[in-house]
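Read the structure below first, then the notes.
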Amino acid sequence: MPKVSLRLRTLVATSALSAFVAFAFVSVAGAWSLEEAAAPYKGVTIRTIGEALPPLEAMKKLAPEFEKRTGITVEIEMYEHSEAVSKVMLDLNSHRGRYDFIIQPHRELGKFVTNGHVEPVEDFMTSATLRDPEFKPEEQLYQRLWKEISWYDGKAYGFPFTALTMYEWYRSDLLNDPKEKEGFKAKYGYDLGPAQDWKQYRDIAEWFTRPDQQLYGTALQGKRHEALWYEWLNFLYSFGGDMLDVKSGSECGPVIVNSPQAIAATEYYKGLMKFSPPDTLNYFWDDVMALMQQGKVAELIMWNDATYAVAVDETASTVVGKMGFDLVPQGDGGKVAQVEGWTYLVPTDSKNKEAAYLFIQWMMAYDQQLNQHLNGGATARPDVYASADVQKLPYAKASMQSNEVARPKPTIPQSSEMTDILVRELSSYLADEKSAKEALDQSAKEISALLGSCAPMKYPVQ
Amino acid sequence: MNKANRPLRGQLILDRGASLPLILPATLLVVVFLVGPFYYMAYTAMTDLSFANPDQKGAFVGFDNFRKLVRDDPIFWSSFWLTIRFVVASVAIEFVLGFLLALLIWRFIERQRLLTTLLLVPVMLAPVAVGLIWRLLLQGDFGMATYYLRAIGLLSPQSAVFSTPSLVMPTIVAIDVWQWTPFVTLIILAGLMSLPRSPFEAATMDGAAPWRLFVDILLPLLRPIIALVLLLRGIDAFKEFDKVFIMTGGGPGTVSELLSIYAYRVNFKNWNLGYGAAVSFMVYLVVLILCSVFYKAMYWKSAAARA
């Protein structure tokens, strides 16, 4: 047979094979359906755990649709923040495999990954039978948020359940009141409006502190609780400080928590205590949210997953239609926000990993994300933020803006202990047990000792 | 034991055969739930086990954790002394008030059953419920107790109990006294009701004054009951956790960080289980010493009384 003819034959055969493979792939992709993918797991029950807040409640309301389509039963356990974290730790370390997937704050990620407790999602994502071709997290999610919340050391371990940031909440009715505007301008020499810097923030807090009218300028989350640390981080970042001198959450690096910027931020933070209600050293996020719902506070810095209950839910809030939202005021650190996501993860000991992945993937789809977001969620999908329904929410713009400038925080295995050290020392400072410098120096010493040689103190303590 | 009181060999064998199945379930329970976990805790205290740090897989470190605890951990010591102060203050007040209340009921109240039932309500509440109740009552914005404290001028309008560091521990002691004084009353009242009448009648016939009756007859007769109630309350107060955790979480600062709260933080916040077991072991050790001192004191007093 002539040479040309052989080439032609080879070409034809290769083309035919390619066409067949392409056709097969397209038909498989086109034919992918949740019902078929879930068929092998029909009758299975998958169990998960998370924090008892609106996003999880919204998921619970959505789950029956998944159950109906797949025959997989979804059990959701809801607990208070710390309880949800400690129950997971005990389950993972006892290797009981009680939870088929877990929803956890991303600061815990390093601990889970380095101890081999969670599965990378790569295997699920490359499985033709499990992967929904329509699910493209590399295109559909805010990449920075996904990588901050669900990745560790360059590898994806899940998808964001919520992409939480904190921003400024203010009473727009008070700030737009002509009488208030007039009085404020007379006293401070500039127009009253949402605070853009920390001087304005303090002035507004001072102006509206009227204990005789049951109104306070702000409300600090001063209880010895993680809430104190989270709130303080906004001040720290905005003043140009940080805890470690690193570029990503999974890195270890020099300790800078006692930098001059950090000390200034901490002193400023405590300075706001006099504009906060008397019980401020006993408040965490639930308390300040309740105060805002009761209309007792003019401005504060708070989480985006709590905005719905204050700005939209008329059954719970007296200030619906009276709220405004903006980025955290700017300091030397520029426009910043601190991100704390809760992430879906599949434990290594999960007994139904594939069924759990199918549920997670289904929850990440646009329709479910939109529904969850409108009911108090905080999605990591920009297309959901772009929807007309979401744009109607009074906090949509602030949420989007803060997502864009959110800073990473440590997710290394020792991050919980770092948090605990800082919570204790910050609380000691607020309780007048020590000065800001003493508290942060002590924190720096302990964090440096905890992390070892990778974390020398950039500002050595005498 | 004299020869007459000694059991016969046959009886012993018979008894051994019968008693073994009877005591086995209880023994198993004690071994599985008390002895086993205790030895495991003691072993864990000598390891570097951490659920957080992958490099600490539970290697044996001897007494390193105890050394660090005793020499290099100022928070442990401040928590320890705070706990001791809490135990002494709360148990002393509970004992004095409980004793007085028991005497009052014993001498002057006829319908003791109804009163003691009512008195026992705080004791019957779970500590978590007590913590939640008082957290709400003393909440700075809408707490009912806060409102009345401000109304009568005991609290300034610009302060709140759990946000004022100097008020936190006295309040926690007061709440513990509120909850546990009835328990002390009940035990001492039971002791008073079981006292024999004859020593009192004899002393009265001899012309003893009420004070002498109290000091020389009532108190010595009640000594075992008093020791028991102090021991029980001392151990319980030393382990206090739930109420304080719910009300203050150990704050503000370290103002209410009792030893049990510190142990909780090390174990279940930081997951440093080796070191946490050492902290827990120290709690156990102090309780053990307390028990031993009380038993010794009781035995010494009883022996002295017999002599």
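Quick one: A:Glu314 ticks every box in (1) free of Cβ contacts under 8 Å to residues at least 24 places away in the same chain; (2) within 21 Å of the chain's Cα centre (by Cα) except a single one, so which number is it?
Result: A:Glu314 fails condition (2) only.
What are the residues in segment B:65-90 that are touching an Asp or Glu at 6+ places or on another chain (Cβ under 9 Å), among the β-branched types (Val, Ile, Thr) and away from chain A (no Cβ under 14 Å), if any?
Within segment B:65-90, B:Thr83, B:Val87 qualify.
Inside segment B:123-230, counting only helices (runs of 4 or more DSSP H) that do not spill past its ends, which hold 1 or more residues that are within 14 Å of chain A (Cβ to nearest Cβ)?
B:127-137, B:144-151, B:165-193
Among the residues of segment A:220-249, which ones are of a type in the set (Gly, Ala, Ser), crowded, with 22+ Cβ neighbours inside 10 Å and farther than 22 Å from A:Leu327 by Cβ?
Listed by number, the list holds a single entry, A:Gly222.
Sort out which residues of segment A:415-447 are within 18 Å of A:Cys252 (Cα to Cα) and either surrounded by fewer than 21 Cβ atoms within 10 Å (Cβ to Cβ) or within 10 Å of chain B (Cβ to nearest Cβ) (or both), and write them in order of number.
Across segment A:415-447, the qualifying residues are A:Ser415, A:Ser416, A:Glu417, A:Met418, A:Thr419, A:Asp420, A:Ile421, A:Lys445, A:Glu446.
Considering only segment B:253-278, state which residues are part of a helix (DSSP H, G or I), within 13 Å of chain A (Cβ to nearest Cβ) and over 22 Å from B:Leu137 (Cβ atoms).
Passing the criteria: B:Tyr262, B:Tyr264, B:Arg265, B:Val266, B:Asn267, B:Phe268, B:Lys269, B:Leu273, B:Tyr275, B:Gly276.
Anything in segment B:38-64 that is surrounded by fewer than 12 Cβ atoms within 10 Å (Cβ to Cβ), closer than 18 Å to B:Val266 by Cβ and out of contact with any Asp or Glu (no Cβ under 9 Å at 6 or more places or on another chain)? List them, or say none.
B:Tyr40
State whether one or more residues within segment B:114-122 are loosely packed, with under 14 Cβ neighbours inside 10 Å, in a helix (DSSP H, G or I) and at pLDDT 90 or above.
Within segment B:114-122 (the criterion being loosely packed, with under 14 Cβ neighbours inside 10 Å, in a helix (DSSP H, G or I) and at pLDDT 90 or above), the answer is no, since none of the residues qualifies.
Scan segment A:186-216 residue by residue and report those that are more than 14 Å from every other protein chain (Cβ to nearest Cβ) and assigned to a loop (DSSP other than H, G, I, E, B).
Once the filter is applied, which keeps residues that are more than 14 Å from every other protein chain (Cβ to nearest Cβ) and assigned to a loop (DSSP other than H, G, I, E, B), segment A:186-216 yields A:Gly189, A:Tyr190, A:Asp191, A:Leu192, A:Gly193, A:Pro194, A:Ala195, A:Gln196, A:Phe208.
Before we move on, is A:Asn371 assigned by TED's automatic domain parsing to the domain that holds A:Pro137 and polar (S, T, N, Q)?
So A:Asn371 passes the test.
All but one of (1) assigned to a helix (DSSP H, G or I); (2) within 14 Å of chain A (Cβ to nearest Cβ) hold for B:Gly250; which doesn't?
If we test B:Gly250 against (1) assigned to a helix (DSSP H, G or I); (2) within 14 Å of chain A (Cβ to nearest Cβ), just (1) comes out false.
Could you tell me whether A:Gln221 is closer than 22 Å to A:Tyr429 by Cα, touching a residue at least 24 places away in the same chain (Cβ under 8 Å) and among the polar types (S, T, N, Q)?
yes
For the condition closer than 30 Å to B:Ser159 by Cα and out of contact with any Asp or Glu (no Cβ under 8 Å at 6 or more places or on another chain), what is the one hit in B:Ile133, B:Ile109, B:Ile105?
B:Ile133
Please count how many residues of segment A:385-401 are part of a helix (DSSP H, G or I), closer than 16 Å to A:Tyr308 by Cβ and out of contact with any Asp or Glu (no Cβ under 9 Å at 6 or more places or on another chain).
7
Could you give me the residue pairs with C-beta distances under 7 Å whose first residue belongs to segment A:130-144 and is within 12 Å of A:Gln369 (Cβ to Cβ), whose second residue is at pLDDT 95 or above and among the aromatic types (Phe, Trp, Tyr) wherever it lies, and which are 6+ apart or on separate chains?
A:Pro137/A:Phe159
Could you check segment A:110-137 and list, in sequence order, the residues that are crowded, with 17+ Cβ neighbours inside 10 Å, within 12 Å of another protein chain (Cβ to nearest Cβ) and not charged (D, E, K, R)?
Matches in segment A:110-137: A:Gly110, A:Phe112, A:Val113, A:Thr114, A:Asn115, A:His117.
Can you tell me which residues in segment B:31-52 are within 30 Å of A:Pro410 (Cα to Cα) and within 26 Å of the chain's Cα centre (by Cα)?
B:Thr44, B:Ala45
The rows are residues; the columns are (1) in a helix (DSSP H, G or I); (2) within 22 Å of A:Tyr157 (Cα to Cα); (3) of a type in the set (Asp, Glu).
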site: A:Ala37; (1), (2), (3): yes, yes, no
site: A:Gly43; (1), (2), (3): no, no, no
site: A:Arg47; (1), (2), (3): no, yes, no
site: A:Leu62; (1), (2), (3): yes, no, no
site: A:Arg69; (1), (2), (3): yes, no, no
site: A:Ile76; (1), (2), (3): no, yes, no
site: A:Val88; (1), (2), (3): yes, yes, no
site: A:Asn93; (1), (2), (3): yes, yes, no
site: A:Arg107; (1), (2), (3): yes, yes, no
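Looking at segment B:77-92, is at least one residue over 17 Å from the mean Cα position of the chain (by Cα) and either crowded, with 19+ Cβ neighbours inside 10 Å or free of Cβ contacts under 8 Å to residues at least 60 places away in the same chain (or both)?
Looking for residues that are over 17 Å from the mean Cα position of the chain (by Cα) and either crowded, with 19+ Cβ neighbours inside 10 Å or free of Cβ contacts under 8 Å to residues at least 60 places away in the same chain (or both), one finds at least one in segment B:77-92, hence yes.
List the number of the failed condition for A:Glu75; all other conditions in (1) buried (at least 22 other Cβ atoms within 10 Å of the Cβ); (2) at pLDDT 95 or above hold.
(1)
The values are calculated or read from the model by the stated rules, or taken from the named source; none is laboratory data. Please read these numbers as outputs of a predicted model, since none were measured by experiment. Cβ atoms come from the backbone with ideal geometry, glycine included; neighbour counts cover every protein chain shown.
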